[in-house]
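> Structure provided below as structure tokens; questions to follow.
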Amino acid sequence: MAEKLTVVDENDVPVGEATKAEIVRSVLNYRCVHMFIFNKKGELLIGKRPKFKRRFPDKWTSAAGGKVSSGESYERAAYREMDEEIGIKTPLKKHCKFSYINEFYGYTVFHELYVGEFEGPFKLAADEVKRVKWISIEEVKKDVEENPEKYATPFIAALKSYIENL
């Protein structure tokens with residue numbers, strides 16, 4: 001059975017639930033989370049998506065992130081996704097909220113961005129994260145500007161929102 005996600009209106013108010021397929025077919029808005037994990041040097045952990053992924057294959061993105069399930073809070077989804085994708089438990093703090101319009105289907109995706117600190121080690125979920133690396137905010141910002149095709153669109157939006165809300 002397909003996972004049900006929280007469907008929201010244009011103000012991010014829950015109005016129901018639907019599968020991802022129903023969301024795409026009916027152009028419904030939904031919620032996601034991103035986690036920016038930093039080390040003690042202030043470097044950001046980014047992850048490379050596997051080549052077989054339908055959306056953003058072989059692109060760099062937040063090391064952990066994902067959809068908010070029906071009935072789940074943004075915060076609970078953040079902790080769940082972080083544990084599932086990179087195998088860690090560390091305190092998170094909400095940094096900002098942003099949204100973007102999906103470039104393929106036209107629905108709005110509302111995101112909350114959480115930040116935390118962790119040195120490692122990480123236990124990567126092979127079906128979600130191919131590999132990870134540490135990079136400074138300055139380096140990733142420059143690389144996104146020069147090579148945006150290397151990065152997932154939601155990550156670019158998350159990075160922009162992170163920097164704007166420092």
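The values are calculated or read from the model by the stated rules, or taken from the named source; none is laboratory data. Nothing here was measured: the structure is a model prediction, and the numbers come from that model. Virtual Cβ from ideal backbone geometry, glycine too; neighbours counted across all protein chains shown.
> Quick one: in the range 1-17, of everything that is out of contact with any Phe, Trp or Tyr (no Cβ under 8 Å at 6 or more places or on another chain), hydrophobic (A, V, I, L, M, F, W, C) and at pLDDT 95 or above, which residue is nearest to Lys160 (Cα to Cα)?
Once the filter is applied, the top-ranked residue is Val13.
> Is it true that Ser62 is touching an Asp or Glu at 6+ places or on another chain (Cβ under 7 Å) and small (Gly, Ala, Ser)?
No: the conditions fail for Ser62.
> Out of the strands (runs of 3 or more DSSP E) lying entirely within the range 64-165, which hold 2 or more residues that are over 30 Å from Val27 (Cβ atoms) and either touching a helix residue (DSSP H, G or I) at 6+ places or on another chain (Cβ under 8 Å) or modelled with pLDDT of 95 or more (or both)?
Here the list reads 92-101, 108-117, 131-135.
> Is it fair to say Trp134 is among the aromatic types (Phe, Trp, Tyr), crowded, with 17+ Cβ neighbours inside 10 Å and more than 12 Å from the chain's Cα centre (by Cα)?
Yes, satisfied.
> Are any residues in the range 53-79 under 21 Å from Phe110 (Cα atoms) and either acidic (Asp, Glu) or without any contact (Cβ under 8 Å) to a residue 12 or more places away in the chain (or both), and if so, which ones? Before you say what the answer is, go through the steps one by one.
First, pick out the residues of the range 53-79 that are under 21 Å from Phe110 (Cα atoms): 54-56, 59-79.
Selection gives Arg54, Glu72, Ser73, Glu75, Arg76.
> Could you grab me the full set of residues in the range 34-78 that are surrounded by 21 or more Cβ atoms within 10 Å (Cβ to Cβ), farther than 14 Å from Pro154 by Cα and not aliphatic (A, V, I, L, M)?
none
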